[in-house]
Each structure stands twice: as C-alpha cells, then as structure tokens.
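Heads up: the structure comes next, in structure tokens.
The values are calculated or read from the model by the stated rules, or taken from the named source; none is laboratory data. This one's a predicted model, so the numbers in the text were calculated from it and none came from an experiment. Every residue, glycine as well, gets a Cβ built from its backbone with ideal geometry; the counts of neighbours run over all protein chains shown. Each accessible area value is taken on the protein alone, full model and side chains, heavy atoms only, with ligands, DNA and RNA left out. Shrake-Rupley method; radii C 1.70, N 1.55, O 1.52, S 1.80 Å.
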Amino acid sequence: MRCVMSEVSLALKSVTKTYGKRIGKAVSVLGGITLDIHRGEIVGLLAPSGAGKSTLLHIAGLLETPDSGNVEIGGINMNTASDRLRTRTRRTEIGFVYQFHHLLPEFNARENVMLPQLANGSNAASAATHSDQLLAMVGMEARAEHRPAELSGGEQQRVALCRALANGPRIVLADEPTGNLDPTTAAQVFDAMMLLVRETGRSALIATHNLELAARMDRCVRLHNGMIA
Ligand code: ADP
Ligand code: MG
C-alpha cells in the first residue's frame, strides 16, 4: 500500500520560526524546513523533546504562521490564502491528533466524532452514520455511546483518531499521539492509526519518540538543530 502517486498533500518550503525576538531572547526553532508529504504516505517526525516537532506540526496545521517560507496544502499556498480559506482548510483538509485526546467530556464517542462534521455542514443523520463507520474501523463500535471518562486512555485516543479523520482531511498531523500510553496500548493505537489512514487513503505526519513505531512508517525525517537531518 506504499504511495505510488506523486500528488503532494503537504509541502513545507524553507519554513523558519524563531521565538522570543520581541523580548530580545531569540530562539531559532526551525531554520529552513523543506518537506513534501505525498498522498498516501505515512511519515514519522523524529526528534528529542524541545527540537521543534510541535512547532513544525502547528505551522503545517495552520495553527501558527512561519516567520518565512510557505506551507502548501493540496498545492495551494496557505501564506497568501485568505483567512476564510485558511479556516476552511484547517477544518476540512487537516486532522490533528494530540498526546492528550481533548475529547469533549459531556459528549459521547459518536457525538465527539460528529461535531467536526456538523461544524462543516453535514446533517446529523449522515454525521452519525459516518462516525459509526469510523469507530467500527478502530474496533470502537460497542463504545459509541460512552463518554470519554468511561473509556480507557487507548480507547480515548482511538476516538480522537476518528474525530481527526471525520471530515476526510488530506493530511493527519499527530503530535506524539501515543506518548501518554503504555507500550502495549501505544502499539494498539498506532495500529488503529495506520489502518485508518491507509484505509481512508490519507497522508500522515506523526511526531514520535518511539523508534519501534517509527520503523513501521513509510519513512522518517529527523529534526536536528532546526533542520531536517
Ligand atoms: P518539541 O515538540 O519537539 O518538544 P517544541 O516545538 O514544543 O518542541 O519547542 C521547540 C522550542 O521552542 C523549545 O525550546 C520551546 O521552549 C520553544 N517554544 C515553543 N513554543 C514557544 C512559544 N510559544 N514561545 C516561546 N518559545 C517557544
Ligand atoms: Mg512537542
């Protein structure tokens, strides 16, 4: 199932980011990152803590802007896009998974997966059907009506994966998605993520410290001194 198409889902072009300039304590985090993620590809982002993985993912996910360089999603330059297009792209083309699930506690698993679809204009019936399909793909069909507090850490993350995939994004950005889990559960969540991304034909950029899981991705890039090593 390796990528054979050359369509680029996400491209970073000479992206730089420095923090602390305003207070005279500049820390250059990204020193010119160029990276293409192709359709269907699952790419690992490996680096120690503090190296800039979250910064890179936030810029790729349009949550932060780079100081210089471009982010292209589906071939469209997001730096010159209108706020409206950036917002729509963030909602429909990007799925974020964090280390902590960030599910809404008062809603059950199905509803949590429905919410981004409703925000994007889907009707409730089709959003519910699609949520149940995604939940079934990660073995969570029997838990659709459970709230986050009634789910284990691994189950919560599997729901968070479904929520990230809910609007059929071009790319899934995952920031240490198994970092909070024990090794066995981490492997289960990782399997679910690989299956879901592959089955739905998406791309993914996954920050991780876990070398065993990294070895199972299509390829890995390493961040070192603000550059892709
Ligand atoms: P990682 O995710 O690899 O642990 P981060 O991207 O979170 O790394 O952080 C990279 C560096 O940038 C760290 O030195 C961190 O302290 C700094 N940093 C991150 N966000 C900010 C911010 N909003 N303001 C100032 N410094 C920041
Ligand atoms: Mg981080």
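Round to the nearest 0.05 the FRET efficiency obtained for ASN225 and ALA125 when R0 = 41 Å and r is the Cβ-Cβ distance.
On the way: r = 51 Å, r/R0 = 1.25.
Calculated transfer efficiency: 0.20.
With a cut-off of 8 Å between alpha carbons and a minimum separation of six or more residues, what is the relative contact order of the stretch 166-229 in percent? Working shown, then result.
Details: 50 pairs, mean separation 25.0, N = 64.
About 39 percent, as a whole number.
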*Under 5 Å, built H, 5+ apart or other chain: amide partners of PHE96*: LEU173
*If you average 1/r over all unlike Cα pairs in the stretch 3-44 and invert the result, what Kirkwood radius do you get in angstrom?*
12.1 Å
*Value of D in µm² per second that Stokes-Einstein yields for the chain, Kirkwood Rh from Cα pairs, at 25 °C (0.890 mPa s)*: 137 µm²/s
_Could you compute how much accessible surface ASP182 exposes when probed at 1.4 Å, giving the result in Å² to the nearest 10?_
80 Å²
*Express in Å², to the nearest 10, the accessible area of THR65 obtained by rolling a 1.4 Å probe over the protein heavy atoms while all chains stay in place.*
80 Å²
*Taking H as built 1.01 Å from N, whose amide H comes closer than 5 Å to the amide H of VAL29, not counting residues under 5 places away?*
LYS17, THR18, TYR19
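Students sometimes get this wrong: rank VAL97, VAL27 by accessible area, probe 1.4 Å, all chains present, largest first.
Numbers: VAL97 0, VAL27 80 Å².
These residues rank, largest area first, as VAL27, VAL97.
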_Rounded to the nearest 10 Å², what accessible area does ARG39 have for a 1.4 Å probe in the complete protein model?_
90 Å²
*Ignoring ligands, DNA and RNA, what percent of the 1.4 Å accessible area of the stretch 26-70 is carbon and sulfur?*
49 percent
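Let me have the relative contact order for the stretch 43-107, percent, based on Cα pairs under 8 Å that are six or more residues apart. Intermediate results must be reported in sequence, preceding the final value.
Details: 26 pairs, mean separation 13.3, N = 65.
Relative CO of the stretch 43-107 lands at 20 percent.
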*Rank these by accessible area, largest first, 1.4 Å probe: PHE96, PHE107.*
PHE107, PHE96
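When only Cα pairs under 8 Å and 6 or more residues apart are kept, what is the percent relative contact order across the stretch 21-78? Write down the numbers at each step before the final one.
Details: 23 pairs, mean separation 12.6, N = 58.
Value for the stretch 21-78: 22 percent.
Excluding ILE206 itself, calculate the net charge of residues whose Cβ lies under 14 Å from the Cβ of ILE206, where each Lys or Arg counts +1 and each Asp or Glu counts -1.
Working: positive: LYS53, ARG198, ARG202, ARG216, ARG219, ARG222; negative: GLU41, ASP175, GLU176, ASP191, GLU212, ASP218.
Counting the neighbours of ILE206, the net charge comes to 0.
For LYS21, LYS13, LYS53, give the ranking by accessible area with the largest first, probe 1.4 Å.
Details: LYS21 120, LYS13 80, LYS53 10 Å².
Descending accessible area places them as LYS21, LYS13, LYS53.
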*Placed amide H near LEU10: partners under 5 Å, 5+ positions off or other chain*: ILE37, GLY74
*Along the charge dipole of the chain, Cβ charges K/R +1 and D/E -1, which of ALA186, LEU134, THR16 sits furthest on the positive end?*
THR16
*When the helix-only estimate is applied to the chain (DSSP H runs of n ≥ 4, each -39,500 (n - 2.57), divided by the residue count), what is the mean residue ellipticity at 222 nm, nearest 500 deg cm²/dmol?*
-10000 deg cm²/dmol
*Output the DSSP H helices from the chain with an along-axis C-alpha extent of no less than 15 Å and a mean Kyte-Doolittle hydropathy no less than -1.0.*
109-119, 124-137, 153-165, 183-199
